[in-house]
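The values are calculated or read from the model by the stated rules, or taken from the named source; none is laboratory data. On a predicted model such as this, the values are computed, not experimentally measured, just so you know. No Cβ is skipped: glycine too gets one built from the backbone with ideal geometry, and neighbour counts run over all protein chains shown.
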Amino acid sequence: MLKKKYCKLAIQNIYNGLVEGLSNFSQQSRVALIYAQHPSDQLRIYDPLKLLNGHGLRLKEIYFDDEAWRDTLCMRISRQSPEHFITLDNLQLAGIISFGGSSRSFFYQMWFTDHHPDMCSIYPTERWLEHAGWLMSQDFSMENISMGTSGHVLQNHAIHAIEDHIVDVRNRILGIDAKMLIKPILDTILKLSKTREEGYWPRGRLVFVDSEFLGSIHFLAKIQRLERPFTSNIKHVRKLMLSVEYSDRKLISDGNTIIGISDSPVPEYAVSVFFKGDYGFVEIAGEPICSFFDGTFHSTTRKAKLVELEELLLDFNMDAQQSTDLFQVVSKLVHTAQNKRHGGGLVLDFNENPVNLSGHILAPPLDLRKEEYLDLASSLIKIDGALHIMSNCTLVGFGCLLDGKSISGENMARGARYNSALRFTAEHKQVIVVVVSSDRPVSIIYHGIELNAHCEWSPLKGYLHQSETLRKILCLAEEI
């Protein structure tokens, strides 16, 4: 009985830490676990927020159609030392990131979380789940919950998860002898991102290159060895960033000092940081890993994916090219508004004749498939009111005001632009309204409903959710 209670408490501690940590790194994130403490145990599932609903057939295929995986895993564990943790890769479930592991102290565990559509990369999150598995294995090898220490570690694991991924990539490229320390680099990035120079945030690229590879870098200007500023001198580094603003030049560092200014392409093993004002991105091997803003790292690309809009356009009577053109126009306008940090609204009108809107009506309408008119529309969206766009990508008006009768589901905390869009689309069935807020959220509103609204929920802290056998859950799913 005590061991069962210990197992429940250990899982809950790690679960709560994961939910809180991943929700801070990404959007609100659900977490689930499939596990078996011993090789002979039935698989159990811990999924308080029903993350794995709808994946029953795939889980049945993985775990029950062929159970040879148990014997294979037992053989792998038997060849390892008692403290060794064997990693188990992502199961590739749609819309879900998963990662797990196995050890002698805990036979099988697979952790799952949401794959948000706006993530730079899934790999830091995989490393986060991997560490959760390792901590679970350690907790059970010592049978010591340590007042929830594992959960607290996972709440603040972002820097370590990013570091683990960078180290893995660099080890694949350079081998395990790569010496540049990543943790101090990440600390420098956050400090620099919060440092203004004459009131302005940093812009431009800072690239960290191993000292033994500096010979392959072409320098436009190189600082004398004894005069090179240390990266720990954030104020000095911030001033040097002025030399690479709004250009293809890069500031080069070996992780300890600033070496000079280069125009070379960024090597794939280098850690490249792109400062874009009050936010930026960390890249390795030419791929973004994460973004940073407000003094912390995040998973978001800071661009609305507009997945719901893309799917919704398929329901209208348009050919594929017209639908593609309209989606590209909307994406460009939305992303421009986001990047310039101002709000705006788009009325997408699928009627044969434009709905009547009060605002500035254009004669003739502008074809937004032409670059010069699309650039103009990117400026017009800053004016109070919405852009009125027809399904053939023509702009028929700007500064348009939306009105309508009050409906249920309004949210006074979201402001007039959002609630006006709810009312207007409730009365005009052939209209979609896209609302861009100045703080970056994008809402797709149709028939008086926000299609991409996030479901608000709590992590259920303090509530000891009961796990179920996976076989029972899958049978119940089949009956439904």
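The single residue among THR87, THR72 that is β-branched (Val, Ile, Thr), touching a Phe, Trp or Tyr at 6+ places or on another chain (Cβ under 8 Å) and outside the structural domain of GLU283 (by TED's automatic domain parsing) turns out to be THR87. Looking only at residues in segment 79-118 that are acidic (Asp, Glu) and either under 25 Å from ALA304 (Cβ atoms) or touching an Asp or Glu at 6+ places or on another chain (Cβ under 7 Å) (or both), the one that is modelled with the highest pLDDT is ASP114.
In segment 1-105, counting only helices (runs of 4 or more DSSP H) that sit wholly within it, the ones holding 3 or more residues that are more than 30 Å from THR300 (Cβ to Cβ) and of a type in the set (D, E, K, R) span 2-25, 68-78.
Name the single residue, out of those in segment 106-122 being assigned to a strand (DSSP E or B) and aromatic (Phe, Trp, Tyr), that is surrounded by the most Cβ atoms within 10 Å (Cβ to Cβ).
So, considering only residues that are assigned to a strand (DSSP E or B) and aromatic (Phe, Trp, Tyr), the one surrounded by the most Cβ atoms within 10 Å (Cβ to Cβ) is TRP111.
Each residue in segment 202-230 was checked for being under 18 Å from PHE281 (Cα atoms) and either in a loop (DSSP other than H, G, I, E, B) or of a type in the set (Val, Ile, Thr) (or both), and 3 of them qualify.
Of note, PHE350 does not satisfy the criterion of being on the phi < 0 side of the Ramachandran plot and surrounded by 21 or more Cβ atoms within 10 Å (Cβ to Cβ). Checked against the criterion of being among the acidic types (Asp, Glu) and over 23 Å from the mean Cα position of the chain (by Cα), the candidates ASP118, ASP71 yield just one match: ASP71.
Per-residue answers, yes or no, for (1) more than 27 Å from LEU214 (Cβ to Cβ); (2) touching a strand residue (DSSP E or B) at 6+ places or on another chain (Cβ under 7 Å):
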position	(1), (2)
GLU83	yes, no
GLY101	yes, yes
GLN109	yes, yes
HIS131	yes, no
GLY151	yes, no
LEU154	yes, no
ILE162	no, yes
ILE176	no, no
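Selection of segment 213-228 for residues being surrounded by 10 or more Cβ atoms within 10 Å (Cβ to Cβ), more than 18 Å from PRO265 (Cβ to Cβ) and of a type in the set (A, V, I, L, M, F, W, C) yields only ILE223. Checked across segment 44-52, the condition of being in contact with a Lys or Arg (Cβ under 6 Å, 6 or more places away or on another chain) and in the same structural domain as GLU130 (by TED's automatic domain parsing) holds for at least one residue. Looking only at residues in segment 54-88 that are surrounded by 16 or more Cβ atoms within 10 Å (Cβ to Cβ) and touching a residue at least 60 places away in the same chain (Cβ under 8 Å), the one that is nearest to ILE473 (Cα to Cα) is GLY56.
Looking across segment 377-425, the residues that are at pLDDT 90 or above, more than 17 Å from GLY359 (Cβ to Cβ) and of a type in the set (Gly, Ala, Ser) come down to SER378, SER391.
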